[in-house]
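Reviewing the structure listed below.
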Amino acid sequence: MTSTTPAPAASTDPAASTAASAASMATAAVTTSRRTIEYRSIAAPVPAPGTAVIRMASVTLCGTDAHIWDDDYATELPIIQGHEAAGTIVALDPSDTDVHAGSGTGGWAVGDRVAISPMFYCGQCHACSIGRVNACRHMSVYGCYEDGSLVTEQAVPLEKLYRVPDGLELSLAPMSEPASIAMQAVNRGRAQAGEKVLVSGAGPIGLLATVYLKDLGCDVTVSDMNPARLALATALGADRTFTVTPGDFPTAAQRTELDQLTRGDGPSLVIDATGAPASVATGVELVATAGRVVCVGISDAELRLTLRTLPVKEIDLLGSRNSQNLIGQALELLDRHQDSIGALLTHRFVFEDLDAAFETLVDPTAGVGKIAIDFPAEDPTEGDTRP
Ligand SMILES: NC(=O)c1ccc[n+]([C@@H]2O[C@H](COP(=O)([O-])OP(=O)(O)OC[C@H]3O[C@@H](n4cnc5c(N)ncnc54)[C@H](O)[C@@H]3O)[C@@H](O)[C@H]2O)c1
Ligand SMILES: [Zn+2]
Ligand SMILES: [Zn+2]
């Protein structure tokens, strides 16, 4: 197992940047205080042995970004946000051109298109020692606990890079990060082909879990109260969707449908991608005896369960965090399904327009699936030119 430490970030101290020449500058978007982003010119990173400099092409935003921007997260501001990112290698240390990639496909070269794994683990703690590095007690994540990828150029350890399949647009590649989280939840649930699965919550995590479950050959029911999101679930391959009426879920008709589908057993796997206690409690009630309920949704809300259902039904109630280095597999999943996954990308903003991007992210009326931030290509002849 590899113990990893982040590459040293370029300084965000404006004074430090004045020493650098104009030719080697990068622009960082620094969240300095609640709902305030400042663009700062910083010294462009140079590649040290074991790191590559990535010119950012695309960063996607998620709910965690909204919390950090709102200064409602366990991290100190200022910080450069961005933990779902893809770009192009623009500089490598000469000694590193034959280093094997995180995706295991060979040496790196300038011009390679990569997605960045933002997760850093200690390699020493109990979780790491048994290979569950995704639950490291000393976890750090780019853009959440240390400076991330809302910057035009970033130095990244080579082992955190995953090659983007040739046919996959760079604007979709950052979604490999949330897709890896969704895949981890499905893997924790040990989903098997042919199983009847209920996914609660049709946000990006629930939707990407749906794509993976369909890829594995499962029958997938998706529930949410938001009709636009349920329409996305259908577009992404859900077999059926259930509209949730809070306090009345499942309705008698929905329960009958589930019973008919499962010969009265209930789904053998439930994935909660909401973080809502009611959703998990309903999942525990609906799941088949000897079934699995995976909690990938996170919140501070308390869950109340009697101590009858879990033992009597012998349910596996499982937490799921980050992913066990699944970004490479997530890129392949996105590549296989990019025609449908494009529907998840509902909004795009240029890097210079982050205020509007974050305002949209937190606007409940905006109908956001995923928001992508497009970076300027320094050289217009380079970068991703596909439509
Ligand atoms: N475990 C991890 O490592 C990890 C990583 C990223 C995100 N998350 C968490 O995963 C969850 C999903 O993330 P997301 O980006 O898709 O969030 P999101 O907020 O975009 O989506 C959640 C969806 O759940 C729906 N919902 C809420 N209550 C519901 C209920 N009772 N029944 C059915 N649907 C309900 C909402 O309408 C919404 O569409 C969040 O809690 C997030 O914090 C966990
Ligand atoms: Zn995220
Ligand atoms: Zn650890």
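Only protein atoms count toward the accessible area here, which uses a 1.4 Å probe; on the chain, the carbon and sulfur part of that area reaches 51 percent. Relative contact order of the stretch 149-298, taken over Cα pairs closer than 8 Å and 6 or more residues apart, is 22 percent.
Here the calculated FRET efficiency for residue 366 and residue 309, from their Cβ-Cβ distance with R0 = 35 Å, stands at 0.40, rounded to the nearest 0.05.
For the chain, the mean residue ellipticity at 222 nm estimated from helices alone is -7000 deg cm²/dmol, where every DSSP H run of n ≥ 4 contributes -39500 (n - 2.57) and the total is divided by all residues, rounded to the nearest 500.
In the full protein context, the chain carries 43 Å² of accessible surface per residue, based on a 1.4 Å probe and ignoring ligands, DNA and RNA.
Along the stretch 153-169 the Karplus relation, 6.51 cos²θ - 1.76 cosθ + 1.60 evaluated at θ = phi - 60°, assigns HN-Hα couplings of 9, 9, 8, 9, x, 4, 5, 9, 9, 10, 5, 7, x, 3, x, 9, 4 Hz to successive residues, with x for each Gly and Pro.
Take every Cα pair under 8 Å whose residues are at least 6 apart in sequence, average their separation, divide by the length of the chain, and the relative contact order is 17 percent.
Against the empirical curve 2.2 N^0.38 Å, the C-alpha radius of gyration of the chain lands at a ratio of 1.01.
Placing R0 at 30 angstrom, the Cβ-Cβ distance between residue 132 and residue 261 gives a FRET efficiency of 0.35 after rounding to 0.05. Counting only residues at least eight positions apart within a chain, or on another chain, the lysines with an alpha carbon under 23 Å from that of residue 214 are 196, 370.
Residue-normalised convex hull volume from the C-alpha trace of the stretch 180-319: 99 Å³ per residue. The Rg/Rh ratio for the stretch 132-194, using Cα coordinates for both the radius of gyration and the Kirkwood hydrodynamic radius, is 1.01.
Across 182, 238, 193, mean-square fluctuation computed from a Gaussian network of the chain (C-alpha pairs under 10 Å connected) peaks at 193.
The values are calculated or read from the model by the stated rules, or taken from the named source; none is laboratory data. As the structure is a prediction and not an experimental result, all values here were calculated from the model. Neighbour counts are summed over all protein chains in view; Cβ atoms, including those assigned to glycine, are modelled from backbone coordinates with ideal geometry. The protein model used for the area step is the full one, side chains on, heavy atoms only, and it has no ligands, DNA or RNA in it. Shrake-Rupley method; radii C 1.70, N 1.55, O 1.52, S 1.80 Å.
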